[in-house]
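Report on one structure; see the data block that follows.
The values are calculated or read from the model by the stated rules, or taken from the named source; none is laboratory data. Quantities reported herein were computed from a predicted structural model and do not represent experimental measurements. Virtual Cβ from ideal backbone geometry, glycine too; neighbours counted across all protein chains shown.
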Amino acid sequence: MNSIFNELKDVCLKYELTSLQRLIASIENLIADKKIEIAIFGQFKAGKSSFINNIVGKSVLPTGVIPVTSIITSIQYGPNECTMIDLEDGHSKEIPLAEISDYVSESNNPNNVKHVEMARIELPDIKRLKGLSLLDTPGIGSINLNNTQTANDNVALTTIAIVCISAERPLAESDMELISNLIQNSYMVICLLTKVDLFTPEQLEEIMTFLKTSISNKIDQEIPIYKYSIKQDNNIYRNKIEEEVFLPYLKNFDEETENIVRHKILNLANSCLEYLELARNASMKTDEERDFLKSKIFDEKINISFIRHELSLIASDSKSRIRESVFNLFEPHIQDLISKLEQQYDKDFPSWQGNLYTVTRTYENWMKTVTGTELLKFIDENITDLQNILSNTNNKFKYYTKTFKERLEGKVFEILNLTISAQEWQPSFKPMKKPDISVYPGFDTPIDLLWFLFPMFIFRPVFRRYFRKQIKAEVIKNVHRTTSVVSEKIFSEIDFNQEKTLSYIVDELQTLEHALSASNSMTDEYTETYKSLNHNMSHDILFK
């Protein structure tokens, strides 16, 4: 295994196959870890953390009705209970398990202000799972994801994936995209239908049929689907998962580990052979023929300047409609929010004591707190719709990338009658900023500084009515401010994914251009390298 892998790395380095470096890095991580990772994916509220807690037999991970998990957390067997927090600066620290929520939850670590890269938990009570590592990942439907580079790479580098799908809302478009991406990269993908206790057996049968049919039609492949509930018949569901999914990997640990690594290496080897064959064919052409080939393949629509321009147009077109789309989510709820705050104000104002200056400060703090709370609550409740606004643009980048690859591969096949398989690219998402709630001064002029001229026992009803009238303007102002914050966040995501898309495409173009630039003197070398690599693969016991 090592000899083949080392040979492949040497080939990629020697012939500058830069687009394959991501795959090489993932294989190196697999070999170094010496464990089988099972990553748990799914939308927020799909029951990922609850499933893991149920498997390990204790409430280790925080759960909730709003997006909770923001940091990837691994759980595995260890002789002693131990919780380590890996920080982005490379340092690690041990904490009590009871404090894990302070680091991995969005509420206690908003926007990952504590700069956590990953959390690692070892538990002595799960010795039966020794050799496996369960990874809890952020929900894919939450804009509050803390996707550091570790999380960004998680889909592309996953070996075994369990995709949790809630029976309450089976198979969203994001679920299908996730499953499709995982199948392209993973050794095994399994679906887990959670919260099945909420439905009758007849309804569950209908949901299962829908899942199987939809997945099969979309990806032309059947994948195992298991039912799960932490409330009803839990022992039956848990035992089935452990016996049919977890234990087979543990019983044949060495063999399965080799199979997983072999799966990745084989993908790398096939890509290497494709590029070598392409370079060998190009090297047999004259300089004029090679220049002609490159001019035909890298036409005016396959060059970096044109691609950058097209990506910029996609980004600009999307940005032009985002602020309006975000505000349209808020607008129908503005009057309800105003009424709610007015009712709360009527309850709270009687308890505000002191002179005009003191009451004014109390009002401003109250307005900032309650408005901020309600707007954040609205964001949490409508997180899927906000995420969809961003996803619409990401899908355009994905589609552009897909059509670019198809166009590039089609050109190569048309001109050289050769097939190349470009490596997959995964977009990434940064955490959503909390809206900046502000409140204008209670008065246009600092009249509250003259509080001694307005004894509250006389003027209290007047100021009570005055402050109440300000609520509408404050709500509308902060809705617009929150719209701007959310829109700016989406703008930054678009810019990031635009550059990520361009970076991926540049890697592919540079790799292909280098292969097409092979000179006549390299023909024998490419031929021998191809034959040697192909021979070593076919005669290595790992690939028999």
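Residue check: Thr362 meets all listed conditions (1) without any contact (Cβ under 8 Å) to a residue 60 or more places away in the chain; (2) crowded, with 17+ Cβ neighbours inside 10 Å; (3) not in a helix (DSSP H, G or I) but one, namely (3). Of all the listed residues (Val189, Val196), the sole one being β-branched (Val, Ile, Thr), touching a Ser or Thr at 6+ places or on another chain (Cβ under 9 Å), within 30 Å of Lys34 (Cβ to Cβ) and free of Cβ contacts under 8 Å to residues at least 60 places away in the same chain is Val189.
Residues checked against (1) surrounded by 12 or more Cβ atoms within 10 Å (Cβ to Cβ); (2) under 25 Å from Ile183 (Cβ atoms):
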{"residue": "Leu211", "(1), (2)": "yes, yes"}
{"residue": "Ser216", "(1), (2)": "yes, yes"}
{"residue": "Gln221", "(1), (2)": "no, yes"}
{"residue": "Pro224", "(1), (2)": "yes, yes"}
{"residue": "Asp233", "(1), (2)": "yes, no"}
{"residue": "Glu242", "(1), (2)": "yes, yes"}
{"residue": "Leu247", "(1), (2)": "yes, yes"}
{"residue": "Phe253", "(1), (2)": "yes, yes"}
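Scanning for something touching a strand residue (DSSP E or B) at 6+ places or on another chain (Cβ under 7 Å) and either in contact (Cβ under 8 Å) with a residue 60 or more places away in the chain or of a type in the set (D, E, K, R) (or both), does the range 97-113 turn up at least one residue? Looking for residues that are touching a strand residue (DSSP E or B) at 6+ places or on another chain (Cβ under 7 Å) and either in contact (Cβ under 8 Å) with a residue 60 or more places away in the chain or of a type in the set (D, E, K, R) (or both), one finds none in the range 97-113, hence no. Listed by first and then second residue, the pairs linking a residue in the range 397-418 that is free of Cβ contacts under 8 Å to residues at least 40 places away in the same chain and more than 15 Å from Glu310 (Cα to Cα) to a residue that is of a type outside the set (A, V, I, L, M) and part of a helix (DSSP H, G or I), with Cβ atoms under 9 Å apart and 6 or more places separating them unless they lie on different chains, are Glu414/Lys296; Asn417/Asn281. Here Gln353 meets each of (1) modelled with pLDDT of 85 or more; (2) part of a helix (DSSP H, G or I) with one exception, condition (2).
Can you confirm whether the range 279-289 contains a residue that is of a type in the set (Lys, Arg), within 30 Å of Ala167 (Cβ to Cβ) and outside any loop (DSSP other than H, G, I, E, B)? There is no residue in the range 279-289 that is of a type in the set (Lys, Arg), within 30 Å of Ala167 (Cβ to Cβ) and outside any loop (DSSP other than H, G, I, E, B). Residue-level analysis places Ser49 outside the set of residues that are among the hydroxyl-bearing types (Ser, Thr, Tyr) and in a loop (DSSP other than H, G, I, E, B). Beta carbons closer than 9 Å, at least 6 apart along the sequence or on distinct chains, never pair a first residue in the range 239-264 that is at positive phi with a second that is among the small types (Gly, Ala, Ser) and exposed (fewer than 15 other Cβ atoms within 10 Å of the Cβ). Considering Glu474, Glu499, the condition of being under 19 Å from the mean Cα position of the chain (by Cα) and part of a helix (DSSP H, G or I) is satisfied by Glu499 alone.
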